1. Within segment A:311-341, which residues are closer than 15 Å to A:Ser211 by Cβ, open to solvent by 40 Å² or more (accessible area, probe 1.4 Å), of a type outside the set (Ser, Thr, Tyr) and in a helix (DSSP H, G or I)?
2. Taking only segment A:207-245 into account, find how many residues are at pLDDT 95 or above, of a type in the set (S, T, N, Q) and not in a helix (DSSP H, G or I).
3. Out of curiosity, is B:Leu228 away from chain A (no Cβ under 14 Å) and either open to solvent by 20 Å² or more (accessible area, probe 1.4 Å) or on the phi > 0 side of the Ramachandran plot (or both)?
4. Which residue, of A:Ala104, A:Ala173, is closer than 15 Å to A:Tyr62 by Cα and of a type outside the set (Asp, Glu)?
5. Checking the conditions here, which among B:Pro153, B:Pro193, B:Pro183, B:Pro201 is of a type outside the set (Gly, Ala, Ser) and out of contact with any Ser or Thr (no Cβ under 9 Å at 6 or more places or on another chain)?
6. Can you pull out the residues in segment B:209-221 that are surrounded by 18 or more Cβ atoms within 10 Å (Cβ to Cβ) and part of a helix (DSSP H, G or I)?
7. Test each condition in (1) open to solvent by 40 Å² or more (accessible area, probe 1.4 Å); (2) at pLDDT 95 or above; (3) within 30 Å of A:Ala181 (Cβ to Cβ) for A:Val45 and report the one that comes out false.
8. Restricting the search to segment B:61-81, which residues are over 20 Å from B:Met243 (Cβ atoms) and within 14 Å of chain A (Cβ to nearest Cβ)?
Amino acid sequence: MKVIQIDTNQWTEGLAKLEGSYRMFGPAETEGKYPEFKELEKGDVPNLNVSNTHLSAKSVVYPQSEVMFEYTLDEAKEDHHQLREIEKDYSPRAVFGIRPCDAAANLIIQRNFDSKEYRDPYWVDAFESCVFIGHACENPGATCFCTSVGFGPFNEDGLDLLLVESDNGGFLAKVITDKGAVLAKSAGWETETDAAALEPLKEAAEAKIRSKVNTDQLAKQDAKDLFDAPIWEDIGFACLNCGTCTYSCPTCWCFDIQDEVKDKSGIRMRNWDSCMYPLFTLEGSGHNPRPEKHHRIRQRFMHKLKYYVDKYQAGVQCVGCGRCVRLCPVNIDIRTVCEKMNSYKPA
Amino acid sequence: MQNPYLPMPVRIDEIVTETEDKMLKTFKFVFLNKEDEERFQHKAGQFAELSVPGKGEVPIGIASSPTEKGYVKFTVNKTGLVTGYMHTMKVGDIMGIRGPLGNWYPWETLEGKNVVIIGGGFAFSTLRASIVYMLANRNKFKDIHVIYGSRMPSLLLYRDELAAWEAAGDIAMHITVDGTDDPDWKYNVGFVPTITEQKAPPADADTYAIVCGPPAMIRFTQPVLDNLGYSHDNIINSLEKRMKCGIGICGRCNIGDQYVCKDGPVFTLNTLNHMAGEK
């Protein structure tokens, strides 16, 4: 596909043009300390000076909390106690500055939310409304290991356009899909340039990733052997079950469903949940199949590195973004755990 | 495509208190919309999410048989937020059902075979659905045995039906209680594993056991079935886990790479033996 040159003026003008036809998303300042992905106010530009956001870009498609249904408990109303679907805005969204790891993560999550048996309408409709304008990582972070899990700093999976910073302050944009081509055209970004310019940049970026993890034996390992391996108490020893890893992870998809009522009006909503929490699996009888923290940390790593591998035969459920490594308060490192699982030999 | 999280509205048509401790009530629901009733085509062994607006949802086994038309029944133990509230609800109240969900007992495999149902406590609801289903299709099955126990007579579910099945005689009923001081008790006294040892039909390739009950019952019944020579392919279990979505998406009810809500709740013991994860 073609590569387009976008200079700084064209960039600003293009964003202004797109505001008319897309809801604009990208990294932006938040009330907290760090830029995160959010819907941009009119006139705001995405902040592309972010190496990677603390929370992943999954929230654009899959918000942390999302209303599913509404209802009334007022028996004077004809449809009282009946859940109603609510209007959702699935008009086109332009998602700027998503890193290749987060874009690839959406395709992993898609396997869960869009299967041949069930289609999760909230996730799928939101996903299909998006055009993903990726931001290549010319300077990957110290905890990045995307090249070990089948991706890379210029990876195109899940992207419609890939932006690469160019020397003059603008971008080179690789057009990956028709959706991306349409967006580039509506932005007025049409100056074609030499595609060969990208390759050396890509190779240079890949060479900067020092972290290497082996995953080649995971599919061959026996799930029961790994489950019963005497490694989990050690791995989980320092774990606080804080859930930071699951919330920051671009490929974690678990959720809870809750009802909330004010006066006679109610909603049913879903919220991100975490396998790190004991309540995640606590049953009404009081029985909990994962009562101890090492059971829960085993679930997290087994899910990402074994159950998912077995279920889909499409690699690991990890894109190597390194967030959980960087943000874990007790330095639990998925790379180390992965090596232990990959090289495990039952006694 | 239909939103798989949207419950179908139902009206409570009847509430029966099943046990003397009043912890178990059977709710009979009728669908508000005829098309929902037609769409709800289940098989014995499946479950559904009962939806109480303002409280939440709870996964419960379907107690009525697909051969019982025009309504669905669920027997609900008073336990948490949703089931506790349900026990305060009245006939005529509106709530929702989402389903049917999960797999079912392997009826195609069981046709032409001997079936022994082994149940304990309030896990008997999908077993009731199964018995009613088999009785409605009696000529499709060979011998049918039912071993069902509870701690005491007043805690047995569906007592009128149990007596009627016992009296009708086209299935072999082995009702039991752990103990009773009722001098008129005319059935068995003893734990389910003990009665299984005494009454279960001999094992062969054409005999299947469906086992559903509390963990202790399952744990102690297992060696009995092993001694009797039941193959683990011929032992069928139905599992429970905490669930939310019921369709294999929300992530909490897995055993290894299988979701109890979608890939189960029914598994053969042989399958379970080979699964990694918290059972």
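1. Matches in segment A:311-341: A:Arg326, A:Arg335, A:Glu339.
2. 4
3. Against the criterion (away from chain A (no Cβ under 14 Å) and either open to solvent by 20 Å² or more (accessible area, probe 1.4 Å) or on the phi > 0 side of the Ramachandran plot (or both)), B:Leu228 qualifies.
4. Going through A:Ala104, A:Ala173 in turn, the sole match is A:Ala104.
5. Working: B:Pro153 fails: out of contact with any Ser or Thr (no Cβ under 9 Å at 6 or more places or on another chain); B:Pro193 fails: out of contact with any Ser or Thr (no Cβ under 9 Å at 6 or more places or on another chain); B:Pro201 fails: out of contact with any Ser or Thr (no Cβ under 9 Å at 6 or more places or on another chain).
That would be B:Pro183, the only listed residue that is of a type outside the set (Gly, Ala, Ser) and out of contact with any Ser or Thr (no Cβ under 9 Å at 6 or more places or on another chain).
6. Of everything in segment B:209-221, those that are surrounded by 18 or more Cβ atoms within 10 Å (Cβ to Cβ) and part of a helix (DSSP H, G or I) turn out to be B:Met217, B:Ile218, B:Thr221.
7. Of (1) open to solvent by 40 Å² or more (accessible area, probe 1.4 Å); (2) at pLDDT 95 or above; (3) within 30 Å of A:Ala181 (Cβ to Cβ), only one is false for A:Val45: (2).
8. Selection gives nothing.
The values are calculated or read from the model by the stated rules, or taken from the named source; none is laboratory data. Here the structure is a predicted model, which is why all the values come from computation and not from measurement. Every residue, glycine among them, receives a Cβ derived from its backbone with ideal geometry; neighbour counts consider all protein chains shown. For the accessible areas, the whole protein counts, side chains as well, though only heavy atoms, and no ligand, DNA or RNA atoms are used. Shrake-Rupley method; radii C 1.70, N 1.55, O 1.52, S 1.80 Å.
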